[in-house]
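Report on the following structure.
What follows is calculated from the coordinates using simple rules that are stated; it is not laboratory data. Model, not experiment: these values are computed from the prediction. Neighbour counts run over all protein chains shown; Cβ positions are idealised from the backbone, glycine included.
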Amino acid sequence: MNLLVENIIPSQVILLLFVAALLPLFSKRGWLISFITVYLCAFVSCLMIFVVKKYGYVNYVFGKFSVPYGIEFRFDPLSSAFVALVTIGALPIMIYSLLGTKLEIEKKKRPLFYSLLLMHIAGNLGVIIAHDLFTIYVFIEIASITAYGLVAAGKSKQATFNAYNYLIVGTIGASFYLLGIGIIYALTGTLNMADVAKVLTTLPPTNLLGISYICVLLGILLKIGIFPFHGWVPGVLYSAPSTVSALFSVASSNVMIYLVIRLFFDVFNTDITSFATIQKLLMIMAFITVMAGGILALIEREFRKMLGYSSLMNYSLVIFAIAVASKAAIIAAFVMLFAHAIAKSGLFMSAGLMSLRRPSLIIEEMPGTFAKAPWTTTAFVINIIALSGIPPFINFLGKWQLLVASIKQDKALIIVAITSTLFGLLYGLKIIDKVLFKPEPASGLVANSSQALMELGIIITGLMILAMTIFGGFFFAQAEMIANFLLRTLPR
Amino acid sequence: MSGIDLNFLTQSSLDFMLLFTIAAPLVCGIFALVSSDTSRIRNYGIIALSLLHLINVFIIKYFYDNYGTFSYQFVKLGNVVEFSFATEQYGIIFAIMVSILWVATNIYSLGYIQLEQSGNVNKDTHILKFNFFLSMAIAATIGIAFSANLLTMYICYELLTLVTYPLVNISGSEHAIKAGRKYLLVLILTSLFLFLPAILYINNVAGELNFTEGGILVDKLTSPELFILLGMVIFGVAKTAIFPFHSWLPAAMVAPVPVSALLHAVAVVKSGVFVIIKIILYIFGVDYLQKVSSEYSFTQNIFILTCCFTILYASVKSIYQTKIKQMLAFSTISQLGFSMLAISFFTYGGIVASFIHMVFHAFAKIVLFFCAGLIYTSAGISDIEDTKSIARYFPSAMLCFSICALSLVGIPPLAGFFSKFLILSSSASNPILWVVITTILLSTALTATYFVRFIYNIYFNPSELETAPFKVPATMQYIIVATTIFLLMLPLLIDYLVGYLTL
């Protein structure tokens with residue numbers, strides 16, 4: 001493949017870091033520069049999808065050190081899909097953030113905020129593309145530290161405290177991950193993922209190896225918020241600026257799920273026993289988290305905290321489906337993951353719009369926004385209905401795929417899927433009739449013209465859900481390609 | 001139906017026509033949404049589009065009669081999700097019924113909204129946007145009518161619930177919001193917990209979900225499995241308002257009258273019965289069900305008894321209602337019970353009888369609702385007590401009301417008599433025949449009680465109401481009379497329908 005394609009591979013991460021470093025110099029045009037940067041990254045990720053379709057996978061080795069020793073960035077069907085999710089999902093959020101940051105961040109901190117935002121996206125992209133266990137750790141830390149900073153930028157007094165909570169749990173998670181890969185490095189002598197996979201197949205399955213797998217996976221799951229380490233999730237999403245919460249639902253936890261998928265299918269599937277054990281472990285933890293997340297979402301009175309628990313529920317459902325590891329279940333998991341990311345980001349942005357004049361958004365007191373902002377409210381309702389998994393939107397189609405897959409395999413999956421739909425429905429219902437039918441117009445909406453840009457971001461997410469539903473065939477075909485790619489090494 | 005080979009041009013234009021039939025209400029809805037509320041183009045445009053839709057459905061019927069089934073696969077996702085449409089007799093007649101009544105409702109709501117906006121009664125806010133949701137509901141109903149497989153039907157069914165929900169709480173009052181929530185909860189919870197798992201199980205057992213003549217589950221289930229599945233389907237489709245999942249229907253009466261008329265007398269409830277008919281005909285298979293129930297008649301008897309109970313319960317409840325719309329709601333529940341009763345005989349004759357009863361009831365009930373809406377917007381009357389002697393102010397409308405009410409009671413030579421007779425005759429081979437006959441006779445008596453009492457009230461009971469001349473818009477009056485005349489002519493179509501619908 002030619003030189004241009006080869007050198008474009010690391011370009012997104014490098015561009016983002018470079019621009020982030022220089023951004024504080026351009027305090028006046030902060031938003032415009034960030035938006036253009038993210039747009040370019042989205043463009044490159046679309047390009048890479050086509051490249052990967054043509055070549056299978058492409059990789060780039062830094063400094064031309066040969067593969068097992070050098071740092072490798074690789075685009076294959078799995079990573080190109082996730083890169084597309086993060087960058088394209090970030091676009092409506094960037095559109096929204098023009099006014100979003102104006103209203104939530106003080107003026108002199110804004111360039112720093114954008115800078116952190118770009119670095120956070122860079123960190124996430126790095127985790128997805130890097131094919132080297134330690135490089136992934138480095139990028140996890142970049143993403144996490146910037147995340148803590150982004151959360152602390154929130155207006156409320158609890159923002160710093162919640163950021164600190166997140167920091168503690170996140171660092172513990174990252175440390176577990178580091179411990180795990182340290183052990184793996186000691187046992188295998190290499191850090192490149194493809195190489196580790198090869199060497200692991202030659203090693204006998206000792207207890208130490210098992211412990212290292214568990215350390216790594218536990219570390220990653222801690223950063224997603226698996227039960228019982230879920231306490232930080234609602235606080236973080238509630239007190240962070242709305243742009244940041246929306247970005248988290250598109251990027252950070254999804255990237256951790258990517259890591260679980262990558263390790264589960266490409267590195268740790270050395271033999272059937274260890275694969276089956278990790279499978280069971282993931283399924284149990286995901287099952288408990290789905291139930292816990294759903295119940296906690298139902299009893300939660302504040303809107304954004306409820307969205308946090310609902311995210312937890314959806315992520316665990318996806319992990320459960322991945323753990324089942326049949327082709328149909330993996331297709332369902334991907335469809336649900338992508339659909340949830342877009343819908344959730346739209347909901348967080350809407351919450352940001354609604355909470356401009358009130359600190360906390362108690363569900364019973366949510367403003368009726370239909371009168372003043374009909375299109376935005378329609379997009380909001382589309383996102384909520386999609387999130388609950390009610391037909392006809394893409395989330396339902398993903399759930400249906402999951403149900404059909406599960407009936408042939410794991411009956412527990414049916415219970416999980418139907419219960420999660422029930423929970424989604426119940427907490428969705430609480431909200432829908434509030435925003436649609438309160439007769440008095442909302443007092444919490446800023447009535448000036450630049451609000452249109454915030455609304456545009458939300459409307460774009462609604463349109464994306466509609467587009468994903470209408471072009472569902474394309475989606476399912478892509479998911480099938482990824483599933484084929486993941487299952488290529490499995491004996492089943 | 002002959003299957004003449006069509007050349008490529010005609011085939012693709014047939015596909016387009018099918019797509020247009022489903023998309024036309026969507027187009028109408030978007031037109032209603034974006035056009036300004038008071039322009040005449042908007043009102044006439046909506047009526048014109050619905051007429052166009054009706055003509056389209058007739059064209060489809062013509063092509064179906066002459067060229068056989070045609071279908072349109074809208075989307076296919078992976079191996080598991082297939083969203084496609086096809087034509088078959090029951091769907092076509094159902095679509096024709098819905099389209100005719102949609103045209104009628106559009107004409108009626110012209111007059112209804114004019115009258116309401118002129119300040120005779122309390123204005124409902126947001127009411128002008130209801131055409132959008134109404135059209136979407138029709139689109140979903142046509143989708144149900146022409147579904148080619150169970151998944152498509154399920155998706156359109158849920159869409160119908162979602163799209164009619166804003167219509168229930170459109171007035172924004174506390175009462176309306178509570179009613180809307182009950183509506184949504186009952187319908188979605190039943191379909192999520194009973195209907196969806198049943199579909200899943202059918203997919204697992206049969207490997208597919210396409211509607212095929214003779215059923216796809218034949219001989220694939222053990223008896224207990226079959227009846228549990230059947231129970232899940234019948235109770236999961238709560239739109240048939242079968243006891244105990246009937247409570248959404250009286251709650252939904254808080255909606256404005258055109259909505260109640262078209263949706264809760266025609267589109268939503270009839271979709272429920274239609275879904276059950278299609279599943280029993282094309283998924284379970286009538287012969288298979290008949291064979292199994294002739295060996296184990298216990299479970300079939302449970303279904304029959306539940307339907308009988310629904311009929312009687314709703315009839316009794318109807319007598320005690322004080323509001324006109326609530327009385328009509330419970331009357332709808334009991335008439336739907338009749339349709340379900342005929343289905344639970346598991347014979348082809350029963351299914352045809354059920355369908356015909358459904359169609360005749362739709363026309364009669366929509367006239368009843370139209371009249372109720374007329375006296376509500378014109379004179380502010382919504383209680384039965386206030387209807388004493390109002391027939392002198394609305395002579396033609398109340399005459400039509402009486403005719404349609406007597407049709408529902410089942411007085412010959414009105415349409416309702418023939419459909420009830422068909423149901424009765426299809427029950428002939430049933431073991432617990434005496435229960436069925438008793439129920440039918442008893443419910444006829446009860447229906448007669450509340451309707452004849454109402455008719456007596458409006459004609460003969462003297463009242464102290466002041467003799468203010470009430471405005472009766474011409475459109476409302478004409479459409480009420482026109483639909484009643486159509487109802488009077490329906491018995492002539494029975495032979496044709498029975499022949500057309502018998503498989």
Provide the packing ranking of B:54-65, A:416-427, i.e. peptides ordered by the mean count of other C-beta atoms within 10 Å per residue, highest first. A:416-427, B:54-65
When the Karplus curve 6.51 cos²θ - 1.76 cosθ + 1.60 is applied with θ = phi - 60°, which whole-Hz ³J(HN,Hα) does each residue of the range B:150-157 get, with x for Gly and Pro? 5, 5, 4, 4, 5, 4, 5, 4
Where Cα atoms sit under 24 Å apart: lysine pairs in the range B:309-503 separated by 8 or more or lying on different chains: 15
How large is ³J(HN,Hα), in whole Hz, for each residue of the range B:345-353 in order, when computed from phi with the Karplus curve 6.51 cos²θ - 1.76 cosθ + 1.60 and θ = phi - 60°, using x for Gly and Pro? 7, 6, 10, 4, x, x, 5, 4, 4
Rg in Å to one decimal, and Dmax rounded to a whole Å, for chain B via C-alpha atoms: 21.9, 70
Rounded to the angstrom and largest first, Cα extents along the principal axes for the range B:138-262 equal 51, 28, 19
Under-5 Å amide H pairs with residue B:243, H placed in peptide plane, nonlocal only: B:310
How many nm is it between the label spots at residue A:65 and residue A:49, if each spot is 7 Å from the Cα in line with the beta carbon? 3.4 nm
Peptide ranges B:106-115, B:491-500, B:200-209, A:260-269 listed from the most packed, as the mean C-beta count within 10 angstrom indicates: B:106-115, A:260-269, B:200-209, B:491-500
Phi to ³J(HN,Hα) by Karplus 6.51 cos²θ - 1.76 cosθ + 1.60 over the range B:377-390, Hz, x for Gly, Pro: 6, 7, 10, x, 9, 10, 9, 5, 4, 7, 8, 5, 6, 7
Residues whose modelled amide H sits under 5 Å from the amide H of residue B:323, counting only those 5 or more places away in sequence or on another chain, are B:384
For q values of 0.06, 0.08 Å⁻¹, compute log₁₀ I(q)/I(0) with the Debye formula on a Cα-only model of the protein assembly as shown, without solvent. -0.49, -0.82
Number of partner chain Cβ atoms within 10 Å, mean per residue of B:81-94: 1
Can you give me the orientation-averaged projected area of the convex hull built on the Cα atoms of the range A:211-333, in nm²? 7.4 nm²
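With a Förster radius of 56 Å, plug the Cβ-Cβ distance of residue B:453 and residue A:155 into 1/(1 + (r/R0)^6) and report the FRET value to the nearest 0.05.
Details: r = 65 Å, r/R0 = 1.17.
The pair residue B:453/residue A:155 has a calculated efficiency of 0.30.
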Which of the lysines could a cross-linker span from residue B:220 if the Cα-Cα distance has to be under 19 Å and same-chain partners fewer than 8 positions apart are dropped? A:408, B:278, B:291
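Roughly how crowded by other chains is peptide B:342-349, in terms of the mean Cβ count from those chains within 10 Å of each of its Cβ atoms? Write out the running numbers ahead of the final one.
Working: counts 0, 0, 0, 0, 0, 0, 0, 0.
Counting Cβ atoms of other protein chains within 10 Å of each residue's Cβ and averaging gives 0.
Å³ per residue of the Cα convex hull, for the range B:309-503?
Values: hull volume 19.6 nm³, N = 195.
In the range B:309-503, the Cα convex hull volume per residue is 101 Å³.
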Full-extension gain between residue B:218 and residue B:500, please, as 0.36 nm times their residue separation minus the C-alpha to C-alpha distance. 99.0 nm
Relative to the compact-globule scaling 2.2 N^0.38 Å, provide the ratio for the alpha-carbon radius of gyration of chain A. 0.92
What is the helix-to-structure angle for B:223-236, meaning the angle in degrees between its Cα long axis and the longest Cα principal axis of chain B, kept from 0 to 90 and rounded to the nearest 10? 30 degrees
Cut-off under 17 Å on the C-alpha distance; same-chain residues fewer than 8 positions from residue A:102 excluded. Which lysines are left, in chain and number order? A:28, A:155
Neighbour-count ranking for B:484, A:188, A:378 (other C-beta within 10 angstrom, fewest to most) reads A:378, A:188, B:484
